[in-house]
Amino acid sequence: MLKREVSIRGSEEFSDIRLKEPMKTAAGMLGVKVALQHSFKEMGVARSIRALSEMNQEDGFDCPSCAWPNPEKGSKVAEYCENGAKALADEATTKYINGAFFQKHSVEELSRLSDYQLNQFGRITEPLMLKSDSVHYEPITWQAAYTLIADQLHQLKNPNEAIFYTSGRSSNEAAYLYGLFARAFGTNNMPDCSNMCHESSGVALSETLGIGKGSIKLEDLYEAEVVLVVGQNPGTNHPRMLSALEKCKRNGGKVISINPLEETGLVNFKNPQKASGLFGKGADIADLHLPVRINQDIPLIKLLLKKLASLDATEGNVFDHEFIEQYVDGYAELIKDLATYDEQDLLRKCGIDTDNITAAVRLLHNASKIVVCWAMGLTQHKNGVENIKEYVNLLLLKGAIGKPNAGTCPVRGHSNVQGDRSVGIMHHVNHDFNARIKTHLGFTPPDEEGLDTVGAMKAMYEGDAKIFICLGGNFLMAASDTEYTARGIQNCDLTVQVSTKLNRTHLVTGKTALILPTFGRSEKDMKDGNIRYLTMEDSMGRVRRSKGLLRPISNNIKSEPELIAELADTYFKGNHPVDWKSMSQNYELIRRSIDKVVKGFENTKERSKGVGYYLPNNVRELDFSMLPNGKAQLSLNQLPDHKLKNDEFMLMTIRSHDQFNTTIYGLDDRYRGVYNERRVLFMNASDMQEMKLAKFDVVHLHSSYDGVKRTANMFKVIPYRIPSRNLAAYFPETNVLVPYNHFADKSRTPISKSIKITLEKE
Ligand SMILES: Nc1nc2c(c(=O)[nH]1)N[C@H]1C(S)=C(S)[C@@H](COP(=O)(O)OP(=O)(O)OC[C@H]3O[C@@H](n4cnc5c(=O)[nH]c(N)nc54)[C@H](O)[C@@H]3O)O[C@H]1N2
Ligand SMILES: Nc1nc2c(c(=O)[nH]1)N[C@H]1C(S)=C(S)[C@@H](COP(=O)(O)OP(=O)(O)OC[C@H]3O[C@@H](n4cnc5c(=O)[nH]c(N)nc54)[C@H](O)[C@@H]3O)O[C@H]1N2
Ligand code: SF4
Ligand SMILES: [Mo]
């Protein structure tokens, strides 16, 4: 077989960097301008206006970007943000590539481009195959592609040699069918993007509150007394969340931001849905910013809890004793444990000054309607699960759970990542779920634990997995340890990508590779003269419909549910209790099947209309019967201890304003004042001085875990307000530094936010 000379990292060349001061306000007129620029450039004016007017509307389609919910009372005109518009422009672009393009450009040549350049080519418009002796993709028919996959699956010695990855953009219908096919085929190898994302939240919340999802609804934010926004950059990654925070502020609520960086969206927000936002000076968001050092949230929260406990000891009602008595387990142990920590030590570790601690205590002192919102700043650490549990401690002690305007808000990433998990994308075995499949569908799913993301990487690397199928995503660039992951993928006999746009996982492939092009959210999925709709679940557990309206980019692409069902039908040759063929034609059959198999989804057809319906949530009902002693669990969490050597720094890998995960829309990070460059390292000015580094000096980043040295080449240092010994750089350029075998305890989420590195000046 041919050894392809593909580049795993792509171009590492610099562009022409420009720096400005970080911005003091988010969104506003400039946000509208940038959104429209992206839209018009990619889609033209008419298509842009049509698509934007339907996004997040009741009879329209769900924004393909993040999972932030729409208001319960229905959407306003322009119920989207700049980055939602960019995501739409990116998928609904009129640029496209096909077999002729790949005839001209080999995978070797394309792999030398940057991820930004790869995304520029546009949509993939026909199914393509890369034969084992070729460097050029060529067109293949859908049926030939299904037959090839089915034949290779049949040839495996063991179903566990196949892996079925899912990225969180798929609909409930597609994810359900995909999970069903994996199980019917015989494996639970279903890693998904949430293994790299909110898995730590799922584990922590299940253990403490009995459900791996958040407890609040969008409207709860409006009248909360205090909202903590922790390890999250909403101005960029969940921009409409700022409208909810603005409402909360208007109602007298307070916002505390806990983040090593003072992110612009949390400073001030100009709401583009209002004239005052477009032309006025905007609304200040955070009342208090706590610049915690990377991965030092636990010392910070312990310190706040100690202060609150001592106030409670004198005043008696700072904690909600009635609530604790009735619903909470582990109070005495927690109070005893808190007493063993030294306040000065906690203060030093978290890096916050005393005045700010006092201010935070003052805000929390009498509040009981408290919401904690968080994202990747908490989950992607070795102790990601404990980070979240520590914040849950605060909520439980304050009685801020299971009542209006209070609770947990893990802000989900991909627009349907939560739904995918709800309908069965999981590597764990759920016996109840399997029993329902057996009863209603007539086959027995496997009961052996499957592989998660890091498990999948290892299995491919070690040659234990031979076929790797991906429903969306860009596994190579999203997973940790890029070089290791690449070797694993290249070990496979067959890799299959169901995709909308070109990415590096199409270029660094198994021996044979297939690309199966699919619809974007905004596209019209027609069957027998009717437009078909799909359903999604948002970050707050609400299920609703999504229906595209744009003419699809090509007649030779297929919807995800249709192509999965057709593949399954080819594999089983019509000889299976599930009627795959009919399901590929009629999504109501899929939904009826979900109704029966997945608890909480009953009668989706009716209930998903309009603003949709909420899935059951035990926390909202204050039902903790599934937990020890039937109560919510306080927990004793350890202080993280990284033992940085003298020359070591702690690096977090973060998103710029111009990307959606591994899809790079542009080279600017406007809010942080960085233009036209992504290979930058944000560094504290005093650290730069100590290291004798000047602005724009070029450094290489090294990590060294278990004696293995990993390097990310060529980054320009820029001075930034970030705690000393902490650094930030963008994902995915820095994923090469994250060791495949270092991940969060229990959730196994890679440690993408706390990587120990050293710097080498070029
Ligand atoms: N436009 C756009 N929207 C997106 C995405 C995108 O790439 N682009 N991605 C989507 C996805 S899949 C996800 S998961 C979300 C991600 O949303 P975020 O989690 O907001 O994304 P990150 O850029 O990873 O930002 C993490 C934040 O955590 C802070 N942080 C890092 N370490 C720590 C720590 O130890 N403690 C605290 N308190 N803070 C810390 C960082 O400074 C940063 O502000 O966004 C979703 N929405
Ligand atoms: N170092 C570091 N690594 C990280 C993170 C980090 O913060 N730091 N974050 C992690 C997180 S939170 C996540 S969620 C993962 C993301 O991991 P993934 O979900 O695997 O990656 P994405 O970049 O979102 O996937 C983009 C690709 O999906 C395809 N696509 C887009 N829309 C559709 C669609 O509608 N259907 C189909 N079938 N395909 C589509 C396109 O081809 C596009 O190239 O990355 C993780 N990796
Ligand atoms: S907040 Fe998220 S879901 Fe809403 S429009 Fe913006 S990107 Fe889309
Ligand atoms: Mo994510």
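Just so it is clear, none of the values below were taken in a lab; they were calculated from the coordinates. Keep in mind it's a predicted model, so treat the numbers as computed, not measured. Heads up, the Cβs are rebuilt from the backbone with ideal geometry, glycines too, and the neighbour counts pull from every protein chain shown.
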From the cross-link list LYS306/LYS746; LYS466/LYS501; LYS501/LYS524; LYS217/LYS254; LYS131/LYS466, the entries with a Cα-Cα span beyond 20 Å are LYS306/LYS746; LYS466/LYS501
Helix 354-365 against the longest principal axis of the chain: what's the angle in degrees, Cα atoms only, rounded to the nearest 10? 80 degrees
Which value results when the Cα radius of gyration for the chain is divided by 2.2 N^0.38 Å? 0.91
Taking 0.36 nm per residue of separation between LEU622 and ALA685 and subtracting their Cα-Cα distance, the length gained on full extension comes to 17.9 nm
What 222 nm value per residue comes from the helices of the chain, counting each DSSP H run with n ≥ 4 as -39,500 (n - 2.57) and dividing by all residues, nearest 500 deg cm²/dmol? -10000 deg cm²/dmol
Quick check: residue separation of ASN646 and LEU347 times 0.36 nm, minus the Cα distance between them. What number comes out in nm? 105.6 nm
Taking every other residue with Cβ under 11 Å from the Cβ of VAL429 and scoring Lys and Arg +1, Asp and Glu -1, one gets -3
Using only the alpha carbon atoms of the range 199-410, find the Kirkwood hydrodynamic radius as the inverse mean reciprocal pair distance, in angstroms to one decimal. 17.3 Å
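Stokes-Einstein D for the range 649-761 at 20 °C, 1.002 mPa s, Kirkwood Rh over Cα pairs, in µm²/s?
Rounded to a whole number, D works out at 149 µm²/s.
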Once the dipole of the range 649-761 is set up from charges on Cβ (+1 Lys and Arg, -1 Asp and Glu), the residue from the list ILE718, TYR675, TYR705 lying farthest towards its positive end is TYR705
Among all cysteines in the chain, which have no other cysteine Cβ under 4.7 Å from their own Cβ? CYS63, CYS66, CYS81, CYS193, CYS197, CYS248, CYS350, CYS470, CYS492
Mind putting a number on the dipole of the range 1-134 about its Cα centre? Charges go on the C-beta only, +1 for Lys and Arg and -1 for Asp and Glu, and I need it in Debye to the nearest 20. 300 debye
Which value in nm describes the separation of the simple spin-label points at SER134 and LYS336, placed 7 Å from the Cα toward the beta carbon? 7.0 nm
Farthest towards the positive end of the dipole of the range 199-410, among GLN232, GLN380, LEU397 and with Cβ unit charges of +1 on Lys and Arg and -1 on Asp and Glu, lies the Cα of GLN232
The equivalent-ellipsoid semi-axes of the range 129-211, taken as the square roots of five times the Cα gyration tensor eigenvalues and listed largest first in whole Å, are 32, 16, 13
How many nm is it between the label spots at LEU639 and SER582, if each spot is 7 Å from the Cα in line with the beta carbon? 6.4 nm
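First select every other residue whose beta carbon is under 14 angstrom from the beta carbon of LEU110; then total the charges, Lys and Arg +1, Asp and Glu -1. Don't skip to the end; give the middle numbers.
Values: positive: ARG4, ARG9, LYS104, ARG112, LYS501, ARG504; negative: GLU5, GLU108, GLU109, ASP115.
Around LEU110, the surrounding residues sum to +2.
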How far is it, in nm, from the label point at SER310 to the one at ASP355 when both lie 7 Å from their Cα along the line to the Cβ? 2.0 nm
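Quick one: LYS466, LYS281, LYS643, fewest Cβ neighbours within 10 Å first, how do they rank? Intermediate values should be presented prior to the final figure.
Numbers: LYS466 22, LYS281 11, LYS643 6.
Fewest-to-most Cβ neighbours within 10 Å comes out as LYS643, LYS281, LYS466.
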Partner aspartates and glutamates whose C-alpha sits under 13 Å from that of LYS511, ignoring same-chain residues fewer than 8 away, are GLU5, ASP133, ASP493
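Which value, in debye to the nearest 20, describes the size of the charge dipole of the chain about its Cα centre when Lys and Arg Cβ atoms bear +1, Asp and Glu Cβ atoms bear -1, and nothing else is charged?
Its charge dipole is roughly 1500 debye.
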Counting Lys +1, Arg +1, Asp -1, Glu -1, what net charge surrounds HIS321 among other residues with beta carbon under 13 Å of its beta carbon? -4
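Work out, step by step, the length gained on full extension between ALA100 and ASP745: first 0.36 nm times the residue separation, then minus their alpha carbon distance; give nm to one decimal.
On the way: separation 645, 0.36 × 645 = 232.20 nm, distance 4.72 nm.
Result: 227.5 nm gained on full extension.
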